[in-house]
Amino acid sequence: MIRFTRFSVLLTLLTVTGLQSYPAIELPAVAQTSICAPDQTLDTDEYALRDQARVALDNGDLATTVRTLREALLITPRTQYPHNTVEQWLLEDNNGTRIEQLLKFSDKKQTTQILDQLYQITQRLKPNHSSIKTRAFAAIAKSYIVLNQFPSAINALNQARDAMRFVQGTTEKADRLLDIAAGYAALPQPQIAQTSLTQAEKAIQQIQQSDRTVRLVRLAALHAEDENFTKARAIAAKLPKNSESHAIVFRAIAENYIRIKQLGNADQAIQTITHPMQKAIALGKVAVAYERAQQPGIATKRFDQAMAIAATPNLVSDFYTSEMLRRDLVVNLVEVGRRDAARRLAINSEMPSFKKEAYKVILLADVRANEPVKAKKLLSQQLTEILNQQDSSWHRFELVNLINTATEAEQFDWFIQEWNRISKVDFGLTDQDVERITTSHAQKGRHLQALQWAEKLPIVNRPVLQIRLKSAIALAAHQSGQTAWAKNLLQTTEQQISALMKASRDRLQREGGDTNEPDDIEYIGVAVLALSYAQIGDTGTTQRLLDRVVKSKMNQNDMQLGGRIDNPFELFREANQIDGAFQLANGSVLPEKRFQRLQTVAGMALAQNRFDMATSIVPRLNSASGQTQLLLAIAQRYTQLKQTDKALPFLAQAFKVAQTIPGEESQFDRLGAEGGTVIEMENDRGSLIEAIAVQYARLKQPAQALKVANTLKEKKTRDQALEKVRCAISS
């Protein structure tokens, strides 16, 4: 049986908590064989960081995205599959690649640093990944162009051309030449672009006829982008005249004429288009251009032509396409201030998803035009449509989207105006919804307005929510520089705790309800206040309030069964407030829960290089196995930081404690009704001594590594450990 050492509770916390600056080391299984399997530790570390960066980007957390991605890219060159990283960040396209999404929001310096790292990684890809390498360099070049770093873009394109030499297959070569040409076309380098386009055309002629059309369309569009309209028309002439591919080329020609403000030529190109969808899209774009050129009469005619196509039954190929066209025309109309026309077009949409997108575009335009009455009317209209839906299973999903739209549009009064109707949809506005809305309201220095708004909400029966909202507002005030105001609000809120608890008890006597609510106010509500003080930096008040939480009835009864929203420890863990999390973990009543939480805090401490705290937790763990795991984790972290002299004493201590772990050297769990499935335990004495031996080998301490491995009594375990040590020494 292969042994796989992994510290499943402690070390994986560095990934699970989302707090790490470096994930934990895992020790992969190695079979008893003369050939060393590749060490997958770095791959695991790199993937964990990359995945955290991906999730952070999806959630709009740019700071975490940049930090974790840069750390991942430092490891990538030493992994087995660097091309996976290149593909994930430069080539996977879902409404833009990830690097394109990052370019929209992060600052120029940070993005440049990431691009430089990706450039170096791409440069090291082997010839068997030449196609990926070529595409990646072309993508890097486009990103440099967005940042106006033209010399770097040209260097990347030169690298792409060099990688092209090793690309196999005529179709693949044609596609990669088009990628390179697209990069040059985006630069003020017409001669170089034309050279690449000529090479691409020759390659296209060599591929099968059935595969040529889509590539000829792209080739013609690139010629149009390079303003070689004659060549673009010549390629279009090779395509079937009434086909969509022919229409796409002429739409590209029209759009590039629009770009250089030759609207007459754009109009002529559009008249050549016979495909309804492509023609309508082009008409919408030229209409916008005429409006901006102070020719509203022609703009109206072009909009009317486009809308007539969108409204003609069966003229556009399918229902989905027709609705997508309506949405695009709504965007065009709003772009030039024709919001009422856009509104009429959106109302006639028959597909809810497109109607919702169109409404949002119009609503945000109403807000920008300082017409909040129209915006609120449109929000209420959408709420009515949700309430009228027969399939109630979609109500919550639709309501969340509407909440997000109203919040983005800053129509906070609308929530109060429509509170009763919103409450009819599923659960109405949950505590999380209201807190998120309030936080958004309080940002950008609007904390006083947010407080006045929150005090109008009909949430008298939700006392903990009242505390959460005021805490959120206080934090927003602090972040905008109004720390004194924030502390005053928190102090006032704390003074109201007793009154809130009394009101809750009185209401329970009158109406019944959740008997835990008064205790929740002291347990969760006070913890929320403590968290705000911690985030503001008031350590003394934080400790005082957490003492109250620890002594509260809910904590003493260990009634801590909820998730993030109603669990003080989870609140502090998620907010990365390590000192408060440590205080709460240490104050947990049940030994099992205290052990688990202290392990979690230890993982947080190591992620932040708080070795003092991690070390102080060691004696608080109530098992030799737990202490060994933490001591080993500290040594591993020092190893990651290349501080071998600090790692070695902890490794020696880990070995000393590991030898006191009780029970058999190798222990097993049996699963299934009859115990037929046998799984080796990961925290027994043998597993941990083996892990310590391997760590010594990684620290270039071969004699000590072999000595530790040889202390194992069981031959099978000892041989396996020695084999892994030898592999680690030779790697």
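The values are calculated or read from the model by the stated rules, or taken from the named source; none is laboratory data. Keep in mind it's a predicted model, so treat the numbers as computed, not measured. No Cβ is skipped: glycine too gets one built from the backbone with ideal geometry, and neighbour counts run over all protein chains shown.
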TODO: Would you check if residue 408 is of a type in the set (Asp, Glu), touching a helix residue (DSSP H, G or I) at 6+ places or on another chain (Cβ under 8 Å) and in the same structural domain as residue 467 (by TED's automatic domain parsing)?
DONE: no
Task: Lone qualifier among 677, 711 - being at pLDDT below 85 and either of a type in the set (S, T, N, Q) or not assigned by TED's automatic domain parsing to the domain that holds residue 658 (or both) - done: 677
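To keep it simple, each residue is scored yes or no on (1) in contact (Cβ under 8 Å) with a residue 60 or more places away in the chain; (2) crowded, with 16+ Cβ neighbours inside 10 Å; (3) in the same structural domain as residue 575 (by TED's automatic domain parsing).
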site	(1), (2), (3)
499	no, no, yes
503	no, yes, yes
510	no, no, yes
517	no, yes, yes
520	no, yes, yes
524	yes, yes, yes
528	yes, yes, yes
531	yes, yes, yes
540	no, no, yes
- [ ] At least 1 residues that are farther than 22 Å from residue 608 by Cβ and in contact with a helix residue (DSSP H, G or I) (Cβ under 7 Å, 6 or more places away or on another chain) in each: list the helices (runs of 4 or more DSSP H) lying fully within segment 44-135 that qualify.
- [x] 82-86, 98-105, 108-123
Open item on the list: Filter segment 633-653 down to the residues that are more than 23 Å from residue 42 (Cα to Cα) and surrounded by 15 or more Cβ atoms within 10 Å (Cβ to Cβ) and list them by number.
Closed with: 652, 653
TODO: Quick one: residue 307 ticks every box in (1) outside any helix (DSSP H, G or I); (2) under 40 Å from the mean Cα position of the chain (by Cα); (3) at pLDDT below 95 except a single one, so which number is it?
DONE: (1)
TODO: Identify all residues within segment 310-324 that are under 13 Å from residue 275 (Cβ atoms) and at pLDDT 70 or above; write none if there are none.
DONE: 321
Open item on the list: I'd like to check something: does segment 627-638 contain any residue that is more than 28 Å from residue 432 (Cα to Cα), under 26 Å from the mean Cα position of the chain (by Cα) and in a helix (DSSP H, G or I)?
Closed with: yes
Open item on the list: Looking only at segment 700-731, filter to residues that are crowded, with 20+ Cβ neighbours inside 10 Å and under 17 Å from residue 41 (Cα atoms); which one of those is nearest to the chain's Cα centre (by Cα)?
Closed with: 728
TODO: Pull up segment 567-602, narrow it to residues that are closer than 22 Å to residue 537 by Cα and of a type in the set (Gly, Ala, Ser), then point me to the one that is surrounded by the most Cβ atoms within 10 Å (Cβ to Cβ).
DONE: 602
TODO: Considering (1) surrounded by 14 or more Cβ atoms within 10 Å (Cβ to Cβ); (2) at pLDDT 95 or above; (3) not in a helix (DSSP H, G or I), say which one residue 426 fails and leave the rest.
DONE: (2)
TODO: Mind telling me which of the residues 192, 154, 180, 204 ends up being over 17 Å from residue 141 (Cβ atoms) and either in a helix (DSSP H, G or I) or free of Cβ contacts under 8 Å to residues at least 24 places away in the same chain (or both)?
DONE: 204
Open item on the list: Among the residues of segment 609-621, are any in a helix (DSSP H, G or I) and modelled with pLDDT under 95?
Closed with: no
Open item on the list: Looking at the structure I just gave you, is residue 392 free of Cβ contacts under 8 Å to residues at least 40 places away in the same chain and more than 21 Å from residue 456 (Cα to Cα)?
Closed with: yes
Open item on the list: Please go through segment 437-473 and give me each residue that is part of a loop (DSSP other than H, G, I, E, B) and at negative phi, ordered by number.
Closed with: 443, 446, 455, 456, 457, 458, 459, 460, 461, 462
Open item on the list: Please verify whether residue 546 is in contact (Cβ under 8 Å) with a residue 24 or more places away in the chain, closer than 17 Å to residue 452 by Cα and of a type in the set (A, V, I, L, M, F, W, C), treating the condition exactly as stated.
Closed with: no
Task: Candidates 394, 419 - the one that is in contact with a Pro (Cβ under 8 Å, 6 or more places away or on another chain) and either at pLDDT below 95 or surrounded by fewer than 20 Cβ atoms within 10 Å (Cβ to Cβ) (or both) - done: 419
Open item on the list: Could you go through segment 478-488 and let me know if any residue there is in the same structural domain as residue 575 (by TED's automatic domain parsing), of a type in the set (D, E, K, R) and assigned to a helix (DSSP H, G or I).
Closed with: yes
Open item on the list: I'd like the residue in segment 51-92 that is among the acidic types (Asp, Glu) and closer than 19 Å to residue 125 by Cβ and, out of all such residues, is surrounded by the fewest Cβ atoms within 10 Å (Cβ to Cβ).
Closed with: 92
- [ ] Could you pull out the residue among 323, 398 that is assigned to a helix (DSSP H, G or I), over 24 Å from residue 432 (Cα atoms) and under 30 Å from the mean Cα position of the chain (by Cα)?
- [x] 323
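Results for (1) at pLDDT 95 or above; (2) part of a loop (DSSP other than H, G, I, E, B); (3) of a type in the set (S, T, N, Q), shown as yes or no for each residue.
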site: 524; (1), (2), (3): no, no, no
site: 532; (1), (2), (3): yes, no, yes
site: 541; (1), (2), (3): yes, no, yes
site: 546; (1), (2), (3): yes, no, no
site: 558; (1), (2), (3): no, yes, no
site: 583; (1), (2), (3): yes, no, yes
site: 594; (1), (2), (3): no, no, no
